[in-house]
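Take a look at the structure set out below.
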Amino acid sequence: MLRLVHLYADLMNLYGDRGNIIALQRRCDWRGIALEVQDLTLGENLEPSTVDILFFGGGQDVEQETVSRDLARGVGRAIQEAVEDGAALLSVCGGYQLLGRFFRTTEGVEIPGVGLFDAHTVAGDRRMVGDVIVEADLGQKPSTLVGFENHSGQTFLGPGAHPLGRVQIGHGNNGVDRTEGVRYRNAVGTYLHGPLLPKNPALADWIIESALGRRDGLETPLAALDDRVELEANTAQARRIRQAGPRRASIR
Amino acid sequence: MNPRLSAAIAAGRVASRLTRALRRGGGTVLPGHVAARIDTQALSTLSSRLPQGSVLISGTNGKTTTARMLAQIAHRAGLRPVHNRAGANLPAGILSALLDGCSLMGQPHGDLGIFEVDEAHVPAAVAAIRPRVLVLTNLFRDQLDRYGEVDFVARAWQRAAANLPLPAKLVVNIDDPTLAYLSESRLGPATTFGISECSFGHEGLPHEADHRLCPRCRSRLTYSSSNYGHLGLYVCSGCGWRRPVPDVAPTEIAMDGEHGSDFNLNSDGPIFPTHIPLNGLHNVYNAVAASAAALALDIDPQYIVQGLAEAQGAFGRDEVVQVGDGSLKLVLVKNPVGFNQALRSLGAEDLTLVAINDLFADGTDVSWLWDVDFELLGNRRIVCTGLRAHDMSVRLKYASVDNRTTEPSLENALSLALDAARSGARVAAFCTYTATLEIRHLLQQRGLVAPFWEN
Ligand SMILES: [Zn+2]
């Protein structure tokens, strides 16, 4: 039995982030693995030893401010402890930014983050919006992640941080150094928002496998699933983007 | 005589004839573009010559239907509305509507402007048109790839409300906390509407809802009832601010899936029994929005009741096309809240087409499909089509909707649907904006529907 905690589910769930939870639920389901999903919200505490998977989605600026104050109450430290202990974590966009060292606003104010990832984010003056293709390094065979990004913060990794992958098409962390996301132990941060896991089943299974490995202390490979529908969607969209180029919406 | 304006009007006429002759559409945007090039003040000058002034209508969902309902009410009241009824809701589209039938001297063909406006263009439209009434229906997450954040639109509306001429009336849906706060913080007059009856609401908030922080103090809002999305009866857990009592509200709502809805229209005076031939609670909201706007214009309630009884869905909004013994119903879908409403009002259709495109007008980001409750489709027969047919198929797989086919070509998918309809099937087609245009174009080629600008 695995336990997933959806961090600030009611405030940080823009852009269909719940697709990731649905993907983890169904993929556990299809393999007969019980997965319990619990929402954590403002004012509640996290018990690090009882959580196997953490999910932290994106939010708008206003909500992000509220959440960052709540994290400082002790939830941030609990997230760190859980990850150090081997729990799996997927954080997206705003959630990813909040888990870095700090966020520097356009006025130069530094809002402290949880510090789980050796990364910091700087407010940018242009929004990076569009399709993304990333060659991800999950420690096994490389995997092509296909998704969509929509952020103005630019994230820069510290010297000790390991990116999730390299951007082939799109902006990624900052639009400058071709890195995308971050990976630390079994925790991942990424700008690929919304339903990332359904169309990228290798990443979904990496999360489930990591969580199981930590719980049982052994590395049992997961039972294979029929992923033809998922992989077809992944390759069809990757083919379109590669042929036509990424569509970038212009904002303001 | 304003020679620049006359030149602009003449050029607009040429553009309109040309687009129609070339069959490039109904001339719903180009005349406005051409005329604005010649006279940048054309929109402001022409709209100022409408003797009854203008009503602007904006909001994420329902603006086209609300504007159509209000136009019908205005007709009944003996007014001659100038209306961008084909839904071209950027400034060029509004100007095109004003140019249609306008004299060369610059006298519009009508006396009251009824214009739906794109959410992001409300400040510009308010500045140019200086409306008598501004109607805001609701604010949901929609096309975040275009606007960045929902808050961007909220801020634009705040600017627009602040610049609204003081005697102008703001008509807002106070079941939406952002709009309730907006009307409270404005000095000028407001007419508010909402649905107070909880019998159709859900307890708490559904997952597709957004805006859950108090606009005053940023504490969490709690809902005793939610009608759809975050529209409902809320109270702030921090400062105690709660949903105000609306000026206009329907009571005794009775929804009959096949024949539309009935309700009593309540405002200050007597109660008026009202019927609309459109399904779903979202259309009750549209009808109440149109009623509140009509009351803000001092239109007699008897005309409201008459106009609403003749309400029709806009093109692609629940438009039913007869095909042989069967039928094809087109349902435009743009965002999770609207899609969920549409899924809930599905009848006994035999086949369901889901056509998802991701061009600019649809929104290039299809993430929102994961906020739609496709689980409601159960074991219905589904065809996934459009540019994102494969993504749709993944979504349905994870919703356990297994009786599905994936056919990316819209033309092939439509042929499948028409074959089924010819042998008597009832087909529902949920389509994003450009998919609706494409399907309508294909239906038009087959002689099954008239062009949308004649609709
Ligand atoms: Zn409050």
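The values are calculated or read from the model by the stated rules, or taken from the named source; none is laboratory data. Everything numeric in this text was worked out from a predicted model, so none of it was measured. Reconstructed Cβ throughout: ideal geometry from the backbone, glycine too, with neighbour counts over all protein chains shown.
List of remarks:
- Qualifying residue in segment B:332-349 (condition: closer than 20 Å to A:Lys199 by Cβ and not assigned by TED's automatic domain parsing to the domain that holds B:Thr64): yes
- Flag for B:Arg155 being closer than 30 Å to A:His193 by Cβ, of a type outside the set (Val, Ile, Thr) and in a loop (DSSP other than H, G, I, E, B): no
- Failed condition for A:Asn20, given (1) at pLDDT below 95; (2) touching a helix residue (DSSP H, G or I) at 6+ places or on another chain (Cβ under 8 Å): (1)
- Per the conditions (1) among the small types (Gly, Ala, Ser); (2) under 27 Å from B:Gly363 (Cβ atoms); (3) crowded, with 22+ Cβ neighbours inside 10 Å, the sole criterion not satisfied by A:Ala187 is (2).
- Within segment B:271-281, the presence of a residue that is within 14 Å of another protein chain (Cβ to nearest Cβ), more than 16 Å from the ligand (Cβ to nearest atom) and not in a loop (DSSP other than H, G, I, E, B) is excluded.
- In segment B:178-187, the residues that are out of contact with any strand residue (DSSP E or B) (no Cβ under 6 Å at 6 or more places or on another chain) and at pLDDT 90 or above: B:Thr178, B:Ala180, B:Tyr181, B:Leu182, B:Glu184
- Segment B:378-455 holds helices (runs of 4 or more DSSP H) entirely within its bounds, and those carrying 3 or more residues that are out of contact with any His (no Cβ under 7 Å at 6 or more places or on another chain) and polar (S, T, N, Q) map to B:433-445.
- Residues of segment B:249-270 classified as exposed (fewer than 13 other Cβ atoms within 10 Å of the Cβ) and β-branched (Val, Ile, Thr), total: 1
- Filter result (touching a strand residue (DSSP E or B) at 6+ places or on another chain (Cβ under 8 Å) and either more than 7 Å from chain A (Cβ to nearest Cβ) or surrounded by fewer than 21 Cβ atoms within 10 Å (Cβ to Cβ) (or both)) within segment B:367-382: B:Leu377, B:Arg380, B:Arg381, B:Ile382
- When residues in segment A:27-53 are screened for being more than 14 Å from chain B (Cβ to nearest Cβ), among the β-branched types (Val, Ile, Thr) and surrounded by 12 or more Cβ atoms within 10 Å (Cβ to Cβ), 3 of them pass.
- Tallying residues that are within 14 Å of chain B (Cβ to nearest Cβ), under 23 Å from A:Val229 (Cβ atoms) and not basic (Lys, Arg) within segment A:184-202 yields 10.
- Residue in segment B:247-259 that is small (Gly, Ala, Ser), assigned to a strand (DSSP E or B) and touching a residue at least 12 places away in the same chain (Cβ under 8 Å) present: yes
- Residue within segment A:77-87 that is farther than 17 Å from A:Tyr8 by Cα, crowded, with 24+ Cβ neighbours inside 10 Å and either touching a strand residue (DSSP E or B) at 6+ places or on another chain (Cβ under 9 Å) or of a type outside the set (D, E, K, R) (or both) present: yes
- Of the numbered criteria (1) within 14 Å of chain B (Cβ to nearest Cβ); (2) at negative phi; (3) surrounded by fewer than 23 Cβ atoms within 10 Å (Cβ to Cβ), the one A:Glu63 fails is (3).
- Residues in segment B:196-236 that are closer than 24 Å to B:Asn266 by Cα, in a loop (DSSP other than H, G, I, E, B) and at pLDDT 85 or above: B:Ser196, B:His230.
- Residues in segment B:303-312 include at least one that is modelled with pLDDT under 90 and hydrophobic (A, V, I, L, M, F, W, C).
- Filter result (assigned to a loop (DSSP other than H, G, I, E, B), free of Cβ contacts under 8 Å to residues at least 12 places away in the same chain and out of contact with any Gly (no Cβ under 7 Å at 6 or more places or on another chain)) within segment A:206-232: A:Gly217, A:Leu218, A:Thr220, A:Ala224, A:Asp226
- Of the criteria (1) farther than 27 Å from A:Gly170 by Cβ; (2) within 14 Å of another protein chain (Cβ to nearest Cβ), which one B:Leu396 fails: (1)
- Candidates A:Gly147, A:Gly181, A:Gly175, filtered to the one that is closer than 30 Å to A:Glu110 by Cβ, within 14 Å of chain B (Cβ to nearest Cβ) and touching a residue at least 40 places away in the same chain (Cβ under 8 Å): A:Gly147
- Selection count where residues are closer than 14 Å to B:Arg76 by Cβ and among the hydroxyl-bearing types (Ser, Thr, Tyr), scope segment B:263-304: 3
- Cβ-Cβ contacts under 6 Å between residues 6 or more apart (or on different chains), taken from a first residue in segment B:227-240 that is in contact (Cβ under 8 Å) with a residue 12 or more places away in the chain to a second residue that is within 10 Å of the ligand (Cβ to nearest atom) and assigned to a strand (DSSP E or B), are listed as B:Tyr234/B:Leu221; B:Val235/B:Arg242; B:Cys236/B:Leu221; B:Ser237/B:Arg220.
- Scope segment A:156-185; condition of a type outside the set (A, V, I, L, M), under 17 Å from A:Asp131 (Cβ atoms) and in a strand (DSSP E or B); matching residues: A:Gly165, A:Arg166, A:Gln168, A:Glu180
- Selected residue (criterion: farthest from the ligand (Cβ to nearest atom)) from residues of segment B:210-234 that are among the hydrophobic types (A, V, I, L, M, F, W, C) and surrounded by 15 or more Cβ atoms within 10 Å (Cβ to Cβ): B:Leu231
- Test set (1) of a type outside the set (Ser, Thr, Tyr); (2) modelled with pLDDT of 95 or more; (3) surrounded by fewer than 20 Cβ atoms within 10 Å (Cβ to Cβ) - B:Gly386 fails condition number: (3)
- Residue in segment B:239-246 that is more than 16 Å from the ligand (Cβ to nearest atom), aliphatic (A, V, I, L, M) and crowded, with 18+ Cβ neighbours inside 10 Å present: no
- Options A:Leu14, A:Leu24: the member that is touching a residue at least 60 places away in the same chain (Cβ under 8 Å), within 11 Å of chain B (Cβ to nearest Cβ) and in a helix (DSSP H, G or I): A:Leu24
- The single condition among (1) in the same structural domain as B:Ala450 (by TED's automatic domain parsing); (2) closer than 30 Å to A:Tyr15 by Cα; (3) surrounded by fewer than 21 Cβ atoms within 10 Å (Cβ to Cβ); (4) not polar (S, T, N, Q) that B:Leu281 does not satisfy is (1).
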